[in-house]
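Accompanying notes for the structure given below.
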């Protein structure tokens, strides 16, 4: 290949995707539908519209349209921070002395610090369009809450965030960013909702979980006029919005004639991974190309690798529809020593189905080795990565080292979803040598799975 | 003009400057030389080389070469985070309903969070080239210390940072970023140096100042084998490295046929401002163009607007050479309520001379109005700005509003030097409504100026 590859491949503004790619349209085995917990039947549009904005509910149910147009107002906002660069990790390659070519799609160059803004602005737009007053949501590590606060400030919407208590306490400055954008932030479980009071009574001193914060946010939305609930991951609508990541990545690779061999992403709820891989999986589904795709999850919250593929509650309070997904059980709460995000008990139904069909592989990584990879990446590539993203870095480094052993010049692409500037509490533990690893026992997971609905 | 201006103008990798521009070569009135405090005579290369790396000392004394080539190793590092975008603030313009066109050169898209990395990597490179073991430095708000830590990690140098105590306490996470990159961080004044012990004894409970941290870092450097001192602002060498900002800005503007009417930058030690404006001032000095250039400084540390243009000590401990500059006196310590950087008592000798010659104008801004501007910018443009940079935003907004009144379609360019992700303590005060303003009295400044050397 004659074209020299720059450190950063920046697309032009006009190359920002104008359509989201709906991988479900190309999937022969569709993801299982959301079920109404009361009836056991698939959720209808009207039922979903009580909780979500109507257009988002339509996107949630849409398994047939391959492309969904991105509205002009969202495109305008995308132009403020997109296209994001696809970076060739020349310095990391040199440090590893590997023949592999490593590329990362960097989504952290915006104030939310991550890819979350891609869906936040879409969801805020549809809420505004529907004439709502505001939205409620949950946030774990704080990236999603920050992104949604920014999006709501842009469209002049109220934003109420329930933040998982352990993050709220570890990340006081995350809260201030959200407040600066005008959002209100409540540690969850709180005493403001019925479900929060119940969980606090049942588990005194609990540090909270995403599943629990979701329950609170849903309750707050449905009990307040002019409000709807929005979610930062797991749902198919979110994964859809995140396909801008994969579409840009593919355009950038194609521009330089690069064929990815391996695509690696971290997986919590699955939306960033799903967004990154969708266009590539689409090629696989259509028999046009083949890729090795690896989802990396924390050893402390291993839904794909150690969970079950069954219908489960999406939230601890059991107020949400049921979803078929790889799950550890809705009561599963990762050990508080696990830093950052990737704490959700289940996995996107799209990613779950692709994994079940063998199109995606999955691995786990332990926290301390994730931070070792993060530090090596920071020192060589200059960017201090988010703990979440560092799961993908860890496996990318592992694979690059394998290439050194085999002499293979693989093209390794991974998603660098965000920066770790608000995760310094965790980095401090790592720097101090006090960071620990936690791997749940089989008994713990089995006990948690017992509470799944019998469907 | 027919060419549509994108939200972000990204230059290509090959358009990154290959030379720094030395504005002193074009200045008829050269900045006054640094003086040896013992002899009162200009510092020689040999004298400077005891404190600084030799090549940097040569750059410090070089007032004749118009362009200085950027070494390949520095260019390689620049490619990791440069070129930085020149952004058209479409959303801010719309919010202000102004006919003005607002552009900002955004230097915050790197982990150091600011432009400081432009000089840090240069200084670390020359230290490595000279075979040094490590460098010492001071940091105020923490941006410079972070940048230097990153640069030293890249070249495998030790890095010892003296951090102004008030910032050290307000920004515990800054320290962790530096530690992650392998630096050691000491709050200043410390008990580790003679000058630190003396200042602690004289002013018990002092929150420190840049001038005091400089003294400590210099002492630590000259008393340790294989170490030199490096500085993040004020010096002409630093301003030289920062001209990559202005050169890229000019290339981007020229590419789209945009003629700036007004260039605005915040001014602490003066290096970011000087770097941004150098190529434009060069045109003014050569009679090729005219620009309105505005330096914005905090009302609590107003060296240009209320200081004197005289020789002064560069540091509190009086261990550094004397510099002729606009100064408030080396003992001036801004009130601790003043957040972020821009706390230095003096101003770059280049900027001082340009200001004295009437090529630059200066204004002050009060802290609360700076944060109001910061919040408005964050909500409209999506980027949470550093408090330092927000001084420039404040004046850019003022000028854009004036344009609304006069109907002028001015092109306003300002430097957005960095992000505020590690300044959330200050944002919290702003959000809580507890932020206060402080303006030193004439008597306070006069008393501080009394201690300047009699030259």
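Values quoted throughout were computed directly from the atomic coordinates according to the rules given, and no laboratory measurement underlies them. Since the structure is predicted, the reported quantities are computational estimates derived from the model, not experimental observations. Virtual Cβ from ideal backbone geometry, glycine too; neighbours counted across all protein chains shown.
Table for the structure above
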quantity: Separation of alpha-carbon centers, region B:97-142 and region B:374-420, rounded to whole Å; calculated: 21
quantity: Length-normalised contact order of region B:120-264 in % [C-alpha pairs under 8 Å, at least 6 apart]; calculated: 25
quantity: Efficiency of FRET between residue B:255 and residue A:292 - r from beta-carbon atoms, R0 56 angstrom, step 0.05; calculated: 0.85
quantity: Compactness of region B:54-149 as Cα Rg over 2.2 N^0.38 Å, two decimals; calculated: 1.39
quantity: Region B:135-203 - convex hull of the alpha-carbon atoms, volume per residue in Å³; calculated: 69
quantity: Computed FRET value (nearest 0.05) for residue A:408 with residue A:29, which takes r as the C-beta separation and R₀ as 35 Å; calculated: 0.65
quantity: Mean residue ellipticity (222 nm) of chain A, computed from DSSP H runs ≥ 4 via -39,500 (n - 2.57), nearest 500; calculated: -12500 deg cm²/dmol
quantity: Cα extents of region B:344-455 along the three principal axes, largest first (Å); calculated: 50, 37, 24
quantity: Between helix B:387-406 and chain B: long-axis angle, C-alpha atoms, 0 to 90°, nearest 10; calculated: 30
quantity: Whole-number D in µm² s⁻¹ for chain A, Kirkwood Cα-pair radius fed into Stokes-Einstein, 4 °C, 1.567 mPa s; calculated: 60
quantity: Contact order relative to length of region A:1-112, as percent, for alpha carbon pairs under 8 angstrom and 6 or more apart; calculated: 35
quantity: Distance from region B:29-79 to region B:177-243 (C-alpha centre basis), Å; calculated: 19
quantity: Position residue A:454, label points 7 Å along Cα→Cβ, spacing to each other copy in nm (shortest first, one decimal); calculated: 9.8
quantity: Calculated SAXS-style log₁₀ I(q)/I(0) at q = 0.10, 0.18, 0.19 Å⁻¹ - region B:179-310, Debye, Cα scatterers; calculated: -0.49, -1.07, -1.13
quantity: Per-residue average of Cβ from other chains inside 10 Å of B:374-385; calculated: 5
quantity: Value of Rg/Rh across region B:83-133 [Cα atoms, Kirkwood radius]; calculated: 1.29
quantity: Cβ crowding within 10 Å averaged over residues, with A:442-448, A:293-299 ranked highest first; calculated: A:293-299, A:442-448
quantity: Helix A:143-155 vs. chain A, principal-axis angle (Cα, 0 to 90°, nearest 10); calculated: 80
quantity: Relative packing of B:249-256, B:417-424, which averages over residues the other C-beta atoms within 10 Å, highest first; calculated: B:417-424, B:249-256
quantity: Three principal axis lengths of region B:97-235 [C-alpha, angstrom, descending]; calculated: 56, 38, 27
quantity: Shielding by partners, peptide B:173-184 (average Cβ within 10 angstrom, other chains); calculated: 5
quantity: Average other protein chain Cβ within 10 Å of Cβ, residues A:425-434; calculated: 3
quantity: Equivalent-ellipsoid semi-axes of the protein assembly as shown, from the Cα gyration tensor, Å, largest first; calculated: 48, 27, 27
quantity: For region B:408-455, the Rg and Dmax computed from alpha carbons only, in angstrom; calculated: 18.6, 48
quantity: Whole-number D in µm² s⁻¹ for region A:260-316, Kirkwood Cα-pair radius fed into Stokes-Einstein, 10 °C, 1.306 mPa s; calculated: 124
quantity: Other-copy label distances relative to residue A:99, 7 angstrom Cα-Cβ extension, nm; calculated: 6.5
quantity: P(r) histogram, all alpha-carbon pairs of region A:1-106 included - 5 Å bins from 0, percent; calculated: 2, 9, 12, 13, 13, 12, 12, 10, 7, 5, 3, 1, 0
quantity: Helix A:210-222 vs. chain A, principal-axis angle (Cα, 0 to 90°, nearest 10); calculated: 50
quantity: Burial ranking of peptide ranges A:260-273, B:315-328, A:202-215 (average Cβ count within 10 Å, highest at the top); calculated: A:260-273, B:315-328, A:202-215
quantity: Computed E for residue B:64/residue B:191 - FRET, C-beta separation, R0 56 angstrom, nearest 0.05; calculated: 0.80
quantity: Inter-probe distance in nm under a simple model that places probes 7 Å from Cα toward Cβ, at residue B:15 and residue A:129; calculated: 3.4
quantity: Relative contact order (percent, whole number), region A:272-358, Cα cutoff 8 Å, 6+ residue spacing; calculated: 25
quantity: Antiparallel DSSP beta bridges within region B:272-374, as percent of all bridges there, nearest 5; calculated: 60
quantity: Rounded to 5, percent antiparallel among DSSP beta bridges of chain A; calculated: 35
quantity: Region A:221-269 - Rg (one decimal) and Dmax (whole number), Cα, Å; calculated: 16.6, 53
quantity: The protein assembly as shown: antiparallel DSSP beta bridges as a percent of all, rounded to 5; calculated: 35
quantity: Copies compared at residue A:368 - label distances in nm, ascending, label defined 7 Å from Cα in the Cβ direction; calculated: 5.1
